[in-house]
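**Q** What follows is a single structure, and I will ask about it in a moment.
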Amino acid sequence: MLIAHVTDPHIGLRTNLMKAHPGPDEAFRRALAHLRQLQPLADVLLLSGDLSENGHTQDYEALARVIGEELSELTERGLLVLAIPGNHDNPDMAKSVLGDLMPVAADAPVGRVCIHVERGGLHFIGLDTVHLGFAHGLLEEAQLHWLEVQLKACAGQPVVIFMHHPPLVSGIAIMDACGLIQGAPQLRKLVAEHGQVQLIAAGHLHRPVVGALGGAPVVVAPSSSHQLDLNLEPGAPLACRMEPPMVGIYRWTPQDGIACHFSHVNPFAGPYPI
């Protein structure tokens, strides 16, 4: 199975001060068009939040339009697309427009975009870390209990968890201050107890970052829009860079487990036989 991971498109973001930025819509379109070039094609696409910059209806309509235009052939061939919100999103508005991309579980905590879908022997569990009105994220007791129930229901089976705020400390102080400030220790315990969580996929940091939680790898994909400057000095200011965009490509099989790659969206010369 191939899992594609695109995050933080920030549709609606004004990028006039970002030199050479093609615009968030076009950047997202290019990322999805890149997925059509993969061999083999992806089976699942995860969109891990900050779908919109301001949570406006037209932003989600634009995002849905780009997905429809770029991925219609893939979805007709069985591509599963799943999305969860981030701190820039309006979850209710996102659900009302995106609908099928956010199949909220019937037993999800009230007001939460919690997802549990099985595909090809792998359980995909989406968590909603949004704290409305704040940049930071949290997992409150109700959602942690819901996750505990889901993990018990698929005991001994492989699971991928996807969420916006990553459960790790990156060392980018200004982003860690608005990271997952509640629920990470409890999440670590649940992941460790289950023992078959193959991957925790996240966004928010606008950089490729790899860590671990409860024995499972945590992989943060870079943004399809723009990246944050890698500055690990305490108190460093927030700044962005127009680094080449990438998408996460994660290969999973029951025999081999997970292997995570990042694929550049922009074309390069080659390949050349060697």
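Laboratory data are not the source of any read-out in this text; all were calculated from the coordinates shown. What you see is a predicted model; the values in this text were computed from it and never measured. We place every Cβ from the backbone using ideal geometry, glycine too, and count neighbours over all the protein chains shown.
**Q** Contact order normalised by length for region 2-264, with contacts defined as Cα pairs under 8 Å and 6 or more residues apart; what percent is it?
**A** The normalised contact order for region 2-264 reaches 20 percent.
**Q** Pick out, from HIS116, ALA192, ALA135, the residue whose Cα sits farthest towards the positive end of the charge dipole of the chain, with +1 on the Cβ of Lys and Arg and -1 on the Cβ of Asp and Glu.
**A** Sorting the options by dipole projection puts first ALA192.
**Q** For GLU140, what is the net charge nearby, where nearby means another residue's Cβ is under 15 Å from its Cβ and Lys, Arg count +1, Asp, Glu -1?
**A** Its environment carries a net charge of -2.
**Q** Whole-Hz ³J(HN,Hα) for each residue in region 196-201, computed from phi via Karplus 6.51 cos²θ - 1.76 cosθ + 1.60 with θ = phi - 60°, x for glycine and proline: what do you get?
**A** 10, 6, 7, 6, 10, 9
**Q** How do 90-100, 30-40 rank on mean C-beta neighbours within 10 Å, highest first?
**A** 90-100, 30-40
**Q** Near LEU74, within a Cβ-to-Cβ distance under 11 Å, what is the net charge of the other residues, with Lys and Arg +1 and Asp and Glu -1?
**A** Here the count lands on -2.
**Q** Continuing with this model, one more query. When the dipole is taken about the Cα centre of region 1-102, and only Lys, Arg (+1) and Asp, Glu (-1) are charged at their Cβ, what size is it in debye, to the nearest 20?
**A** Dipole size: approximately 280 debye.
**Q** In debye to the nearest 20, how big a dipole does region 112-204 give about its Cα centre with +1 on each Lys and Arg Cβ and -1 on each Asp and Glu Cβ?
**A** 140
**Q** Next up: Where nothing but the Cβ of Lys and Arg (+1) and of Asp and Glu (-1) is charged, how large is the charge dipole of the chain around its Cα centre, in debye to the nearest 20?
**A** The dipole of the chain has a size of about 460 debye.
**Q** With a sphere of radius 12 Å drawn around the Cβ of ALA153, what net charge do the other residues whose Cβ falls strictly inside it have (Lys, Arg +1; Asp, Glu -1)?
**A** -2
**Q** When a/c reaches 1.5 or more, the comparison of a/b and b/c decides; with that in mind, is region 137-274 rounded, prolate or oblate per its Cα gyration tensor?
**A** It is oblate, given that a/c is not under 1.5 and a/b is not larger than b/c.
**Q** Related question: Pick out, from HIS88, LEU101, GLY215, the residue whose Cα sits farthest towards the positive end of the charge dipole of the chain, with +1 on the Cβ of Lys and Arg and -1 on the Cβ of Asp and Glu.
**A** Positive-end residue among those listed: GLY215.
**Q** A further question follows. Packing-wise, with mean Cβ within 10 Å as the measure, how do 247-255, 49-57 rank, highest first?
**A** Most protected by this proxy first, the peptides run 49-57, 247-255.
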